[in-house]
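The values are calculated or read from the model by the stated rules, or taken from the named source; none is laboratory data. If you're wondering where the values come from, they're calculated on a predicted model, not measured in any experiment. All Cβ positions, glycine included, derive from the backbone under ideal geometry; neighbour counts span all protein chains shown. All accessible areas refer to the heavy atoms of the entire protein, side chains included, with ligands and DNA or RNA removed. Shrake-Rupley method; radii C 1.70, N 1.55, O 1.52, S 1.80 Å.
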Amino acid sequence: MPVRLPLFTRPPRPPWVLAYLLAIAALWTVLCALSHSAPDLDGMEELVWAASLEWGYTKHPPLPTWFMHLAIQWLGASVWLPFLMGQMFSALGLWFVWKLGCELTTPRRALMATLLVSVTAYFSLRGTIYNHNTAQLWTITAGIWLFHRATHRQRWRDWAWLGLVAGLAMLTKYSALIQFAAFLLYILASGLWRQTRIWLGIGLSALVFLAVLGPHIIWLFAHHFEPLRYADTSLQAASRLGALHSLLKFALDQLGRLSPMLVLGGLWAAWYRWRANRGPGQAANDPIFKALDSAGGIRPHAPSYWAQLDANARRFLLWTGLAPVFSTLLVSLVLGSKLEASWASTFFVLFGFYGLAWMRGLDSEQLRRLLILTAALQIVMAGTYALARGPVAQAVGHASRSTYPGPVLAAHALAHWQTHQPGRPLRVVVANTWLGGNIALHTGQNTRVYIDASDAKSPWFAPGTALACGALIAWSEAGRGRPAAAVRALYEAAPWKGRDYIPWSGPKGTLIDLNWAVLPATSECLKP
């Protein structure tokens, strides 16, 4: 009888890895699309901002919104689009983790590290949230990969590509500077700073970086550094005690978001203790195991995959992977600043490689097991999340954003508009981002939100022109649509107004008070 070899005796090829990552992205996207009636807040914000291409927005740099704008042009605005976008960027981030791993170890072990980190919340559950944190995953992982290539191969094109990707990372979120600082620490710790060619490469990267970032820097000056002021406000803690409490909560949140990787590692360890390196139908006395055992390849106490990495690879992974989280914690402790859990989205992208410290044995068999366990865990997590955020929330009447009745609210708002402005399309909704976005999303591709009745927050309108062709005003105390003062003033001045009550999350849920008003078109209104 021929010897039955374990699966994956051939190294994983790029198409296989890409197909797996896209399958997981499709799983999360489809289940969220079926279970959610509205996207998350950040996803809705991107849908609203995508009304125009700007070099910056009041809260953040522009790149994620540009991507959303392009996606809307191709696929149309929809509830499920932010889920797809978030998962696609998560998959792209994991692709670059694998690419990096292939340069540090074997393709099999690189895929194992990628699978381990893929189940953490930032690449799975929170990968459904399309915001600047999730959109930055690919630029950070691609940047780490290119930094490794540039410092080890020292080719000019790698340094140039690194500068380009670093610029894109900054155009996504300014927190990319934390990863850049980790690069510098690695250069100092490894002794690379003594090489002239390294500094020349850094100079080339810096030139490309500034070329990419230059237009946004000009925009910052012209707009009084609005995103930086927003970032500064977000970091401020009420007191030193409040900062310490924030730090503790941040650390505990990160442990929770990394816990699926710990579960996955535990399941693999149990399987290894049970079956060691034997595959389906294999016996311990098969010739393949005798040969491997004589070579020390499958002994119970064989060195872990991490221990088999060379010293330079381990040093690179430790400095570039651990420095972001520890430096952030240290700075927060010293300055007494506040930390939000989601800000750490890119801090743990290399933690799958640290998981290789658990793993040992026959690569092909352990990869097979890890693929099975990872796929099962992804299905369980995605299915549970979709059930909890959809049918379960509806059944118990939990008022979550995932069950927000956006289509019903939009239908009510549009009916009032058509009653008082018959024959004129609804082009402007005056509201906050969440309520206005839910109405605009379901009333037409050309409907825009005049956020908080503010020209600065709504650059897709030329100053002073937003209300020329009339507008629908909406706010809600119970429906997370509390109005800004300017919105309330317009509401009071409108000739037609009223209030509707709409159930939220089924019959057991609360009622949303939709306060609506219609402003008529002015004589200066342009023809639609």
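Let's see if you can work this out: charge +1 on each Lys and Arg Cβ, -1 on each Asp and Glu Cβ, no other charges. What is the dipole magnitude of the chain about its Cα centre, in debye to the nearest 20?
On the way: 43 positive and 23 negative charges, 307 e Å.
For this selection, approximately 1480 debye.
With all protein chains in place and a 1.4 Å probe, the accessible surface of segment 340-386 carries 70 percent carbon and sulfur. Measuring spread by the Cα atoms of segment 68-111 yields a radius of gyration and Dmax of 14.9, 42 Å. The share of accessible area on segment 128-248 that comes from carbon and sulfur is 72 percent, using a 1.4 angstrom probe.
Here the Karplus relation 6.51 cos²θ - 1.76 cosθ + 1.60, evaluated at θ = phi - 60°, turns the backbone of segment 83-94 into coupling constants of 5, 4, 4, x, 6, 5, 6, 5, 4, 5, x, 5 Hz, with x for every Gly and Pro.
Could you work out how much longer the chain between Gln73 and Ile217 gets when fully extended? Use 0.36 nm per residue separation minus the Cα distance between them, nm to one decimal. Walk me through the intermediate numbers first.
Numbers: separation 144, 0.36 × 144 = 51.84 nm, distance 2.69 nm.
Extra length available between Gln73 and Ile217 comes to 49.1 nm.
By accessible area, using a 1.4 Å probe on protein heavy atoms only, segment 1-113 has 69% of its surface on carbon and sulfur. For segment 340-483, the solvent-accessible area works out to 35 Å² per residue, with a probe of 1.4 Å and every protein chain left in place. If Rh is defined by the Kirkwood formula over all Cα pairs and Rg also comes from Cα, what ratio Rg/Rh do you get for segment 174-238? With Rg and the Kirkwood Rh in hand, the quotient comes to 1.11. Here's the picture: charge each Lys and Arg Cβ at +1 and each Asp and Glu Cβ at -1 in the chain, and of Ser304, Thr522, Leu75 the one pushed furthest to the positive end of that dipole is Ser304. With Cα atoms as the point set, the radius of gyration and Dmax of segment 361-520 evaluate to 21.1, 76 Å. A cut-off of 5 Å between modelled amide H atoms, ignoring neighbours fewer than 5 places along the same chain, links Trp496 with Val518. Taking every Cα-Cα distance in segment 328-394 and sorting them into 5 Å bins starting at zero, the pair-distance distribution P(r) comes out as 3, 12, 11, 14, 15, 14, 12, 12, 6, 1 percent. Volume of the convex hull of segment 124-178 (Cα atoms only), normalised per residue: 75 Å³. Evaluating 6.51 cos²θ - 1.76 cosθ + 1.60 at θ = phi - 60° for every residue in segment 25-35, the Karplus couplings come out as 4, 5, 4, 5, 5, 5, 5, 5, 4, 6, 9 Hz, glycine and proline recorded as x.
In segment 383-442, the convex hull through the Cα atoms has an average projected area of 5.0 nm², a quarter of its surface area.
Sorted from longest to shortest, the spans of the Cα atoms of the chain along the three principal axes equal 88, 57, 47 Å. Mean silhouette area of segment 81-202, derived from the convex hull of its C-alpha atoms and averaged over all directions, reads 7.6 nm².
Given their separation in residues at 0.36 nm each and the Cα-Cα distance between them, Glu477 and Tyr230 gain 86.5 nm when the chain is fully extended. Once backbone amide H atoms are built at 1.01 Å from N, Ala471 has Leu519 as its partners under 5 Å, excluding neighbours fewer than 5 places away on the same chain. Positive end of the dipole of the chain (Cβ unit charges, origin at the Cα centre): among Tyr272, Phe89, Asn432, the Cα lying farthest that way belongs to Tyr272. Distance between the C-alpha centres of segment 137-151 and segment 444-479: 40 Å, rounded to the whole angstrom.
Per residue, the solvent-accessible area of segment 41-152 (1.4 Å probe, heavy atoms of protein chains only, all protein chains present) comes to 25 Å². Quick check on the chain: helices-only [θ] at 222 nm, where DSSP H runs of length 4 and up contribute -39,500 (n - 2.57) each and the sum goes over total residues. Nearest 500, please. Taking each H run of at least 4 residues, the total per residue is -19000 deg cm²/dmol. If you bin all the Cα-Cα distances of segment 122-265 at 10 Å, starting from zero, the percentages per bin are 10, 29, 32, 24, 4, 0. Taking each of Lys99/Lys173; Lys249/Lys338; Lys173/Lys338; Lys338/Lys457 in turn, the alpha-carbon distance tops 19 angstrom for Lys99/Lys173; Lys338/Lys457. Annotation: amide H of Val449 within the under-5 Å range of Val429, sequence separation 5 or more or interchain, hydrogens built in the peptide plane.
Share of pairwise Cα-Cα distances greater than 19 Å in segment 26-79 is 31 percent (whole percent).
Using only C-alpha positions, report the orientation-averaged shadow area of the convex hull of segment 451-506, nm², one decimal.
Values: hull surface 19.5 nm².
Computed as one quarter of the Cα hull surface, the answer is 4.9 nm².
Once C-alpha pairs closer than 8 Å and six or more residues apart are averaged by separation and normalised to the residue number of segment 157-240, the relative contact order reads 42 percent. Residue-wise HN-Hα couplings along segment 127-132, as the Karplus relation 6.51 cos²θ - 1.76 cosθ + 1.60 with θ = phi - 60° gives them from phi, are x, 7, 9, 8, 9, 6 Hz; Gly and Pro carry x.
Given R₀ = 41 Å, FRET efficiency for Trp156-Leu244 by Cβ-Cβ distance, to 0.05?
Numbers: r = 47 Å, r/R0 = 1.13.
Between Trp156 and Leu244 the formula returns 0.30.
I'd like the FRET efficiency for Arg488 and Ala276, computed as 1/(1 + (r/R0)^6) with the beta carbon distance as r and R0 of 60 Å, rounded to 0.05.
Numbers: r = 69 Å, r/R0 = 1.15.
After rounding to 0.05, the efficiency reads 0.30.
The calculated P(r) of segment 296-369, using every Cα pair and 5 Å bins from 0, goes 3, 13, 19, 17, 14, 12, 9, 6, 4, 2, 0 in percent.
With the contact rule set at Cα under 8 Å and sequence spacing of 6 or more, what percent relative contact order holds for the chain? Write down the numbers at each step before the final one.
Numbers: 849 pairs, mean separation 98.3, N = 528.
Here the relative contact order equals 19 percent.
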